[in-house]
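Working notes for the structure below.
The values are calculated or read from the model by the stated rules, or taken from the named source; none is laboratory data. All values reported here derive from a predicted model rather than from experimental measurement. Glycine gets a Cβ as well: all are built from the backbone with ideal geometry, and neighbour counts include every protein chain shown. Remember, those area values only see protein heavy atoms, side chains included, never the ligands or the DNA or RNA. Shrake-Rupley method; radii C 1.70, N 1.55, O 1.52, S 1.80 Å.
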Amino acid sequence: MPIEEVEETAEAIETMEIRGAATIAGAAAAALGSQAAASEATDPEAFEAELRAAARTLYQTRPTAVSLPNALRFVLQDLEGSTVEELRDTVLTRTQKFRADLEHAQERLGRIGANRLRDGDVIMTHCHSTDALATVEHAVDAGKDIEAIVKETRPRNQGHITAQRLRELGVPVTLIVDSAAHRYLNDVDHVLVGADSIAADGSVINKIGTSGLAVNARDRGTPIVVAAQTIKLHPGTLTGHTVEIEMRAESEVISKADREKIGEITVKNPAFDVTPPRHVDAIITERGQYPPESIVSLMRELYGDVDEEPWAEPN
Ligand code: RUB
């Protein structure tokens, strides 16, 4: 049985108290570490079964951000050790390494992404991405004046978090409703977004509305830049799997009272969408900047031989 901390982390991810692909990955790795530290298993098989069960609880929370299974895989794949103590040490060491790597990767990505931003540039953001904001933070630290037009990002308004973080960095912010994006793209030098998953063909899966924004940006000739650490690369897409798009509750879109007033309707609430590579100018990772079509080479190098689900029960 997973420990309470694992259950609580899973619940917090599912309800979006913990949200955003990088943050979800860090929290999931930490929860696996806690499971290992607290385990009272007396034999290696029982210990590994506990870890797999904890990983499955975390894995089932949100389906689109591949950083979550990538984190679980980093910790669990080919566990080394023949005693419970050795296995525990392996899990704890990997958990710490994963979290440290996550932080370093974002820092490095931020420095690379900041090179694209010039003094006086205006960016447009969608949703709240810590990877995207890392690039702004580094540009600001380098003394560049950056302004931001922030889309509110219905239905959960993650744009409000972005606006607040940008204000903390001293960046002037204009908040707009999502449907005003096209109107303001002429005033923007870069659209800057994050990613939940990146597919082998360079498609970017991110918060619903990203693909429409990218189409509008193409129409206006505004470059669209995706800031995404390599834990956002989806290894399953190398073997033909597609990325599952999470559907969320209709209550995020409309209140019960409004829905009843309108009458019989269907409400759909997909949380993410797919932006094809032809609408993306660059993907910035901690390993450098890539045209979307060439990201597959990096994906093969980093994830070429992954075990797809080390948390599945052995047959
Ligand atoms: C978050 C979202 C973010 C990515 C990248 O969606 O789409 O753009 O997760 O974030 P939600 P980060 O709010 O539904 O989790 O760069 O922080 O990993």
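Descriptive notes on the structure:
- Taking the listed residues Pro270, Pro277, Pro223, the one that is within 26 Å of Gly159 (Cα to Cα) and out of contact with any helix residue (DSSP H, G or I) (no Cβ under 9 Å at 6 or more places or on another chain) is Pro270, with no other qualifying.
- So Thr222, is it among the polar types (S, T, N, Q) and closer than 23 Å to Ala25 by Cα: no
- Residue list for the range 119-170, restricted to those being surrounded by 23 or more Cβ atoms within 10 Å (Cβ to Cβ), under 16 Å from the mean Cα position of the chain (by Cα) and not polar (S, T, N, Q): His126, Cys127, His128, Asp131, Ala132, Leu133, Ala134, Gly159
- Screening the range 177-196 for residues that are in contact with a helix residue (DSSP H, G or I) (Cβ under 6 Å, 6 or more places away or on another chain) and open to solvent by less than 40 Å² (accessible area, probe 1.4 Å) and picking the one that is nearest to the ligand (Cβ to nearest atom) gives Gly194.
- Residue match in the range 204-217 (condition: within 18 Å of Arg19 (Cβ to Cβ), more than 18 Å from the chain's Cα centre (by Cα) and of a type in the set (A, V, I, L, M, F, W, C)): no
- So Arg116, is it open to solvent by 10 Å² or more (accessible area, probe 1.4 Å), part of a helix (DSSP H, G or I) and not hydroxyl-bearing (Ser, Thr, Tyr): no
- The strands (runs of 3 or more DSSP E) found wholly in the range 203-315 and carrying at least 1 residues that are within 12 Å of the ligand (Cβ to nearest atom) occupy 204-207, 224-227, 272-275, 282-285.
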